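Student: Attaching a single structure in structure tokens format; questions to follow.
Read the figures in this text as sums done on the coordinates, not as results from a lab. Just so it is clear, the structure is predicted and the values come from calculations on it, not from any experiment. Here the Cβ is made from the backbone with ideal geometry for all residues, glycine too, and neighbour counts use every protein chain on show.
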Amino acid sequence: MVPTSNLTPTPDIPCPKSPGDEQASSSVSETDEFFIRNTMKSDPRQGMELLYLRYYKPLCTHAIKFVRSRQVAEDMVSDLFYQFYTGQLYKKIHTSYRAYLFRAIRNKGYNYIRWELDRNATLPEDQLSYVPEYQQPDMITQYEELYQDVEKAIDQLPHQRRRIYLQFQFEGKPVKDIASELAISPRTVEVQIYRARQAVRQLIRDKWLIPCGLLLCGAAGLVANLIESFISL
Amino acid sequence: MSPLFSKEFFFEYFNGNATSLQKKQIDTWILDPDNEEQFFQYLEEWEILHPQYPVNLEPALNKYRELFEDADKFPPAPVTRAPVPSPFRNLFPHAAAVLLLLGMLGWLYQEPLLFSHYRTLPGEVASWTLDDGSKVTLNANSQLKVPRWWRFAPTRVVYLEGEAAFDVVHTQDDRKFIVKTDNQVDVVVLGTVFTVFNRHHKTQIVLNSGKILLEHRKGQVKEAITMQPGDQVRVDTSGILQKQALPKSILFAPWKEKLFVFDETPLSEIIQLLKDHYRLNAGVTSPELANLTVSGSFTALNADEFLNSLADILDIEYTRNRKNVTFKLNP
């Protein structure tokens, strides 16, 4: 695949490089979102709609790599836009809207995975807003690594289990529908989903939850040392 | 721009085809904010070229417009979808409950809240100076209740159980000082020295100096008696009032010096006195003992001294077992 700029469906204006202008890359972001920025100043409602039209799709398709569910991804993106508008964050950011929105959705995705790994129960999707904030990775490449690990974990599932998992998780198809489509009992579908989840979770947990565990051990050790020193006093 | 960080390079990276070394270089390169902008531009482009699934924009946009309507209708829209209920929402019942509780506590503890209590233990005599400068000495096993807020009241009212000597100060605004008893007798004074005995619904007032007015209530009728110095008034259980002039020689409130004075006092009265002063339960072994009378005076600092002196005067014996005293004839 050789992507070229003519194939890009976004209305990207090729950046004009007039002499005496600012640096190339910063003018990229400025001219890029120039129209949206101006609209945002005069009419935030209208500006938000333009922003939505422009970034909703790429944000959703990016978020789903983290959360593996259409519904959750779309809710997460909508949530992000909503906060962006009601919190008037568009007035406060100094980067491009794009950089902000992508960074934010990656953080949300990261938090979501961490939260899912920390807890044992299945997640109630209506509580998406309460996903707690974890410390974010220092390195930007860790985000890619994380969702690529998720993808690999799903890829390693046995064929039918993966199919059921994707239908259930990605598309949000009810268990009953999957069962009738595959002509198996709903109970079997449930078991397959459970095993798939466990497998994916296990694979991600091994790599991504260890630093947290080490931290906990360290904290416990520190407390133990403190107690010991108190006793010896 | 360095050829390493080209669009093709990042597209390969987003595809998952980057080596650890390349990733490390991205992490350094991205620290420049301009590069970060560039990164997200590539990311957006890549996401548009490689959608994970066909995103349906229309219904989402419609839903989103509705959400915006709500956001504009209620401008400070909460960020969380389920607003946390305000802790003050149901304040009223709580406030009412707290007030009720305070009211009940206040009612339960109105005595200590409204009155200062002066008390003496059995065998103890103590003196205090009240807020207005008046002095009061309480005999053993007595209690005086003084309102805490009487500074603002038109009269000074105190409540007495037991026996007390008062030295009342005359105030500039002629405020009355009233000693209330539970025997329908109020002693109304302006400034005098007097004693009040109020036990077992028997009241006895002795005036030392000045002038006092006794208000004796009989049902709805109020009887007023004026006392002169040296006068003694007794009111017994049946409510009968007796007034007599005491001889000049008699001591005023001898108990203040722990002095006990008896003039043909029967032993039965002394047994009552032991109970009042020292909370001792005294009894006799034979009825003839009860008819003995005591005349004379002695000082006694405590119950044992009192009992010893009494036994000497009457030439009898006694045994004491904690709170119980038995008088016996001398063998």
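Student: Put a dot 7 Å past each Cα toward the Cβ at residue B:96 and residue B:243; how far apart are the dots in nm?
Tutor: It is 5.8 nm.
Student: In the neighborhood of residue B:326, defined by Cβ-to-Cβ distances under 11 Å, what is the net charge if each Lys or Arg adds +1 and each Asp or Glu adds -1?
Tutor: That works out to +1.
Student: Separate question: Going 7 Å from the Cα of residue A:177 in the Cα-to-Cβ direction, what parts of segment A:141-166 have a backbone nitrogen less than 20 Å from that spot?
Tutor: Under cut-off, by backbone N: A:160-166.
Student: What is the helix-to-structure angle for B:303-314, meaning the angle in degrees between its Cα long axis and the longest Cα principal axis of chain B, kept from 0 to 90 and rounded to the nearest 10?
Tutor: That works out to roughly 10 degrees.
Student: Using Cβ counts within 10 Å as a stand-in for footprinting exposure, how do B:212, B:240, B:225 rank, fewest first? Show your work: numbers first, answer last.
Tutor: Working: B:212 26, B:240 10, B:225 16.
Listing B:212, B:240, B:225 from fewest to most nearby Cβ atoms yields B:240, B:225, B:212.
Student: Moving on. Each residue of segment A:160-171 in order: what ³J(HN,Hα) in whole Hz does its phi give by Karplus 6.51 cos²θ - 1.76 cosθ + 1.60, θ = phi - 60°, with x for Gly and Pro?
Tutor: Each residue's phi maps through the Karplus curve to give 5, 4, 5, 4, 5, 4, 5, 4, 6, 6, 5, 8 Hz.
Student: Sum up the charges of everything whose Cβ sits under 15 Å from the Cβ of residue A:182, counting Lys and Arg as +1 and Asp and Glu as -1, but leave residue A:182 out.
Tutor: On the way: positive: A:161, A:162, A:163, A:173, A:176, A:187; negative: A:171, A:177, A:181, A:190.
Result for the local shell: +2.
Student: Could you pull out every residue, at least 5 positions away or on a different chain, whose amide H is within less than 5 Å of the one on residue B:156? Hs are placed 1.01 Å off N in the peptide plane, and Pro or chain starts have none.
Tutor: B:176, B:177, B:178
Student: Here's a follow-up. Largest first and in whole Å, what are the equivalent-ellipsoid semi-axes of segment B:85-147 based on the Cα gyration tensor, each being the root of 5 times an eigenvalue?
Tutor: Each semi-axis is √(5λ); the values are 43, 12, 7 Å.
Student: Could you work out how much longer the chain between residue B:220 and residue B:63 gets when fully extended? Use 0.36 nm per residue separation minus the Cα distance between them, nm to one decimal.
Tutor: 48.1 nm
Student: Here's something else I'd like to know. Tell me the net charge near residue B:160. Cut-off is 14 Å between Cβ atoms, residue B:160 excluded, with +1 for each Lys or Arg and -1 for each Asp or Glu.
Tutor: +1
Student: For a Förster distance of 35 Å, can you work out the FRET efficiency between the beta-carbons of residue B:291 and residue B:129, rounded to the nearest 0.05?
Tutor: It comes out at approximately 0.20.
Student: Please compute, for peptide A:32-45, the average count of beta-carbon atoms on other protein chains lying within 10 Å of each residue's beta-carbon.
Tutor: Taking all residues of A:32-45 together, the mean is 1.
Student: Now for a separate question. Which one, B:14, B:262, B:197, has the greatest fluctuation when you compute a Gaussian network model over chain B with C-alpha springs under 10 angstrom?
Tutor: In this elastic network of chain B, the residue with the biggest mean-square fluctuation among B:14, B:262, B:197 is B:14.
Student: Using only Cα atoms, figure out Rg for chain B and give it as a multiple of 2.2 N^0.38 Å. Provide the component values of the computation, followed by the final result.
Tutor: Working: Rg = 45.2 Å, N = 331, 2.2 N^0.38 = 20.0 Å.
With N residues counted in chain B, Rg over 2.2 N^0.38 Å equals 2.27.
Student: While we're looking at this one, here's another question. From other protein chains only, count the Cβ atoms within 10 Å of every residue's Cβ in B:27-40, then give the mean.
Tutor: Mean partner-chain Cβ count within 10 Å for B:27-40: 5.
Student: Sticking with this structure for a sec: In sequence order, what are the phi-derived ³J(HN,Hα) couplings for segment A:194-207 according to the Karplus relation 6.51 cos²θ - 1.76 cosθ + 1.60 with θ = phi - 60°, rounded to whole Hz, with x for glycine and proline?
Tutor: 4, 5, 4, 4, 4, 5, 4, 4, 4, 4, 6, 4, 3, 8
Student: For the pair residue A:187 and residue B:8, what calculated FRET efficiency results from E = 1/(1 + (r/R0)^6), where r is the Cβ-Cβ distance and R0 = 35 Å, to the nearest 0.05? Walk me through the intermediate numbers first.
Tutor: Working: r = 49 Å, r/R0 = 1.39.
According to the calculation, E is roughly 0.10.
Student: Here's another thing I want to ask about it. With the contact rule set at Cα under 8 Å and sequence spacing of 6 or more, what percent relative contact order holds for chain B?
Tutor: This gives 8 percent for chain B.
Student: Please give the Cα centre distance for segment B:193-230 versus segment B:112-135, rounded to the nearest Å.
Tutor: When both Cα centres are located, 20 Å separates them.
Student: Taking θ = phi - 60°, what integer Hz values does the Karplus form 6.51 cos²θ - 1.76 cosθ + 1.60 yield along segment A:139-153, in sequence order, with x for Gly and Pro?
Tutor: For segment A:139-153, the Karplus curve yields 9, 5, 5, 5, 5, 4, 4, 4, 6, 6, 5, 4, 4, 4, 4 Hz.
Student: Please sort B:318-327, A:40-49, A:61-70 by packing, taking for each peptide the average over its residues of neighbouring beta carbons within 10 angstrom, highest first.
Tutor: Values: B:318-327: 13.7, A:40-49: 15.5, A:61-70: 23.6.
So the peptides B:318-327, A:40-49, A:61-70, ranked by packing, come out A:61-70, A:40-49, B:318-327.
Student: Working from Cα positions, state the angle (0 to 90°, nearest 10) between the long axis of helix B:91-108 and the longest principal axis of chain B.
Tutor: Roughly 20 degrees, rounded to the nearest 10.
Student: Near the amide H of residue B:223, under 5 Å away, which other amide H atoms are found, from residues 5 or more places off or on another chain, if H is placed in the peptide plane?
Tutor: Counting only residues 5 or more places away or on other chains, the set is B:216, B:217, B:218.
Student: Moving on. Taking amide H atoms as placed 1.01 Å from N in the peptide plane, list the residues 5 or more away in sequence, or in a different chain, whose amide H sits under 5 Å from that of residue B:208.
Tutor: The answer is B:193, B:194, B:195, B:230.
Student: Could I ask something else about it? If r is the Cβ-Cβ distance from residue B:113 to residue B:175 and R0 is 25 Å, what FRET efficiency results, to the nearest 0.05?
Tutor: The calculated FRET efficiency here is 0.65.
Student: Also, I was wondering about something else. Go through B:180/B:256; B:180/B:243; B:135/B:202; B:7/B:63 and tell me which ones have a Cα-Cα distance over 25 Å in this structure.
Tutor: Details: B:180/B:256 21 Å; B:180/B:243 19 Å; B:135/B:202 23 Å; B:7/B:63 35 Å.
In this structure, B:7/B:63 exceed 25 Å between Cα atoms.
Student: Which of rounded, prolate or oblate describes segment B:98-193 when judged by the alpha-carbon gyration tensor and an a/c cut-off of 1.5? Numbers along the way, then the final one.
Tutor: Working: a/c = 2.09, a/b = 1.33, b/c = 1.57.
It is oblate, given that a/c is not under 1.5 and a/b is not larger than b/c.
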